[in-house]
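Here's the structure, in structure tokens; my notes come after.
The values are calculated or read from the model by the stated rules, or taken from the named source; none is laboratory data. The shown structure was predicted, so the numbers you read here are calculated from the model rather than taken from an experiment. Neighbour counts run over all protein chains shown; Cβ positions are idealised from the backbone, glycine included. For the accessible areas, the whole protein counts, side chains as well, though only heavy atoms, and no ligand, DNA or RNA atoms are used. Shrake-Rupley method; radii C 1.70, N 1.55, O 1.52, S 1.80 Å.
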Amino acid sequence: MLANFRVLNFLSFAELNTLSLVKGKTRQHPNHVYTTPALDLLKFSTIYGANGAGKSNIIKAIKFSKQCITENELNIVHKKSYCRTNIINKDLESSFEYEIIINKVIYSYGFSILLSKGELKKEWMYEIKGEEEFPLFTMEYETKKLEIDIDNLTNSARDRARLLTYVEDFKELKKHDESLFLHFLNDTKSDFSKDSKAFIFNKVFFWFERKLEVISPTQAADRSLTYLEESDESIENFLKDFGTGITGIHVEDIQLDEIYKVEDPKFIDFVKEDVDEKLQYLQDNIQKIEKIDKNIREFSAMMRTENNLYSIKVNIDGDINFRVIKFCHYMDGEYYTLGEESDGTVRLLELYDIIKNKNEKIFVVDELDRSLHPNLTFNFVKKYLSIENKSQLIVSTHEDRILDLNIMRRDEIWFVEKNDIGESKIYSLEEFKTRFDKDIMTAYLDGRYGSIPKFKFFNN
């Protein structure tokens with residue numbers, strides 16, 4: 001789970017800014033809080049701000065830093081993504097840091113980069129215990145100084161030799177082949193032993209690659225896997241109910257090797273591995289599970305890629321059936337793939353993923369209300385906050401009707417505002433002394449918390 005995200009010198013954020021999902025002082029809506037041995041975390045945060053205030057930039061910072069970690073996206077495309085309000089920022093490092101919880105332990109991971117030249121500067125990873133931080137590794141890219149306690153991180157001679165080899169190979173990388181150390185340890189390499197402390201490098205990378213999903217307003221999330229409790233028909237009813245113009249769905253059997261030809265093989269490998277693990281759990285615990293529900297001898301999932309939607313059905317005997325889902329808009333019309341559908345339909349399916357998701361995951365959605373009716377946005381947030389799940393959701397939105405303390409906690413509400421020179425700052429409603437019965441929406445629109453458009457009218 002995500003506890004904190006920090007960004008420095010990126011787009012409109014010149015100074016260090018923190019978006020936190022750590023529980024604040026308010027006691028409202030305790031069902032919105034995940035209690036862990038390490039920290040109490042929120043399941044939801046919403047970000048408000050005027051157009052151009054920078055609320056999308058905080059999400060772009062999350063997306064960019066994730067791409068650097070998982071895809072080694074350090075190219076020159078981002079050379080002007082430093083905060084350009086002051087020319088000196090061009091020569092200053094930009095930093096990104098996450099505090100995340102994995103298996104009840106807090107880890108801090110981050111890196112800094114000189115964006116104007118695409119040069120990595122520092123990288124670090126710590127285990128946090130109380131007030132103390134224990135370094136797992138630190139890297140200074142200018143001096144090629146990598147500090148890592150190999151003996152403490154490995155339990156076997158095999159893992160020690162592997163990690164030592166990786167470290168030496170990493171130090172030998174030429175400037176043009178440079179990547180983050182965390183990426184290097186996971187790029188086309190097998191995982192460390194699960195009983196080795198070094199396995200945390202695989203788990204943290206997996207967190208960024210599979211558990212953190214960023215959905216931008218103009219580009220759909222390119223892939224997801226969602227386990228379902230309902231049949232394919234629930235998707236059809238969901239889309240019909242929200243006025244998409246879809247009159248029905250059509251499913252066609254498809255072989256796994258055909259899916260490999262049109263989709264990212266690495267993602268399909270991950271899906272197959274995840275489904276196999278779930279099947280193994282079902283087979284190993286079937287007697288215990290059947291005591292709760294005698295009908296549980298199979299499970300279903302929905303796999304969404306950029307261009308297609310798939311149904312996966314698995315039974316206790318190990319039979320796995322893949323089907324591609326297509327959509328019809330007229331009684332006798334042709335069928336369309338997901339990639340041919342409207343932005344609104346795609347966005348609805350993204351929301352369907354979030355509502356139906358049963359795994360621990362962090363969804364970050366920029367402009368939640370894009371392509372959606374205000375009533376749908378409002379009811380989606382209420383629905384998400386009312387269900388039991390293991391996910392966290394961060395959204396930016398203009399939908400002010402959810403600014404209601406009967407719906408949300410004060411520590412779930414964040415604002416972004418720009419100063420006179422165009423630098424953004426993000427801050428929480430908890431910074432204000434707000435009564436429990438305060439009309440937050442009216443106070444926000446009146447400018448009580450800043451972060452609203454400022455108009456100037458001129459008479460001719």
Return the residues of the range 396-414 that are of a type in the set (D, E, K, R) and in contact with a strand residue (DSSP E or B) (Cβ under 8 Å, 6 or more places away or on another chain); say none if nothing qualifies. Asp400, Arg409, Arg410, Asp411, Glu412
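Free of Cβ contacts under 8 Å to residues at least 60 places away in the same chain and on the phi < 0 side of the Ramachandran plot: which single residue out of Thr26, Thr35 fits that description?
Thr35
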Could you please tell me which pairs satisfy a Cβ distance under 8 Å, a separation of 6+ or placement on different chains, a first residue in the range 403-416 that is at pLDDT below 85, and a second residue that is buried (at least 21 other Cβ atoms within 10 Å of the Cβ)? Leu403/Tyr48; Leu403/Ile413; Leu403/Ile440; Asp404/Ile440; Leu405/Ile440
If the Cβ limit is 7 Å and pairs must be 6+ apart or interchain, which residue in the range 262-284 that is over 13 Å from Arg210 (Cβ atoms) pairs with which residue that is at pLDDT below 90 and in a helix (DSSP H, G or I)? Leu282/Ile289
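Matching residues to (1) charged (D, E, K, R); (2) at pLDDT 80 or above; (3) assigned to a loop (DSSP other than H, G, I, E, B); (4) open to solvent by less than 60 Å² (accessible area, probe 1.4 Å):
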| residue | (1), (2), (3), (4) |
| --- | --- |
| Phe267 | no, yes, no, yes |
| Asp274 | yes, yes, no, yes |
| Leu279 | no, yes, no, yes |
| Gln283 | no, yes, no, no |
| Gln287 | no, no, no, no |
| Asn295 | no, no, yes, no |
| Leu348 | no, yes, no, yes |
| Asp353 | yes, yes, no, yes |
| Glu367 | yes, yes, yes, no |
Name every residue in the range 16-31 that is modelled with pLDDT of 95 or more and open to solvent by less than 30 Å² (accessible area, probe 1.4 Å), in order of residue number. Asn17, Leu19, Ser20, Leu21
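For the range 146-240, which helices (runs of 4 or more DSSP H) that fit wholly inside it have 1 or more residues that are among the hydrophobic types (A, V, I, L, M, F, W, C), modelled with pLDDT of 90 or more and surrounded by fewer than 18 Cβ atoms within 10 Å (Cβ to Cβ)?
150-153, 157-171, 199-206
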Going by what's in this entry, would Glu142 be described as surrounded by fewer than 19 Cβ atoms within 10 Å (Cβ to Cβ), farther than 27 Å from Lys197 by Cβ, touching a strand residue (DSSP E or B) at 6+ places or on another chain (Cβ under 6 Å) and charged (D, E, K, R)? no
Open to solvent by 30 Å² or more (accessible area, probe 1.4 Å), in contact with a Ser or Thr (Cβ under 6 Å, 6 or more places away or on another chain), in a loop (DSSP other than H, G, I, E, B) and β-branched (Val, Ile, Thr) - does that describe any residue in the range 386-395? no
Determine which single condition Lys358 fails, assuming it passes every other condition in (1) open to solvent by 20 Å² or more (accessible area, probe 1.4 Å); (2) under 23 Å from Trp207 (Cβ atoms); (3) of a type outside the set (Ser, Thr, Tyr); (4) without any contact (Cβ under 8 Å) to a residue 40 or more places away in the chain. (4)
Does the range 61-69 include one or more residues that are of a type in the set (S, T, N, Q), over 30 Å from Ser391 (Cα atoms) and open to solvent by 30 Å² or more (accessible area, probe 1.4 Å)? no
Considering only the range 38-47, I want to know if a residue exists there that is assigned to a strand (DSSP E or B), under 18 Å from Val7 (Cβ atoms) and among the small types (Gly, Ala, Ser). yes
Counted residues in the range 298-330 being on the phi < 0 side of the Ramachandran plot, outside any strand (DSSP E or B) and more than 25 Å from the chain's Cα centre (by Cα) come to 5
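Would you point out the residue of the range 371-402, among those that are among the aliphatic types (A, V, I, L, M) and at pLDDT 85 or above, that is nearest to Thr244 (Cα to Cα)?
Top of the filtered list is Val381.
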Among the residues of the range 69-100, write down those that are outside any loop (DSSP other than H, G, I, E, B) and farther than 27 Å from Phe170 by Cα. Ile87, Ile88, Asn89, Lys90
Working only within the range 72-126, note down all residues that are without any contact (Cβ under 8 Å) to a residue 40 or more places away in the chain and open to solvent by 60 Å² or more (accessible area, probe 1.4 Å). Val77, Lys79, Lys80, Arg84, Ile87, Ile88, Lys90, Asp91, Lys117, Lys122
Check on Ile246, at pLDDT below 90, over 22 Å from Lys358 (Cβ atoms) and surrounded by 15 or more Cβ atoms within 10 Å (Cβ to Cβ): yes
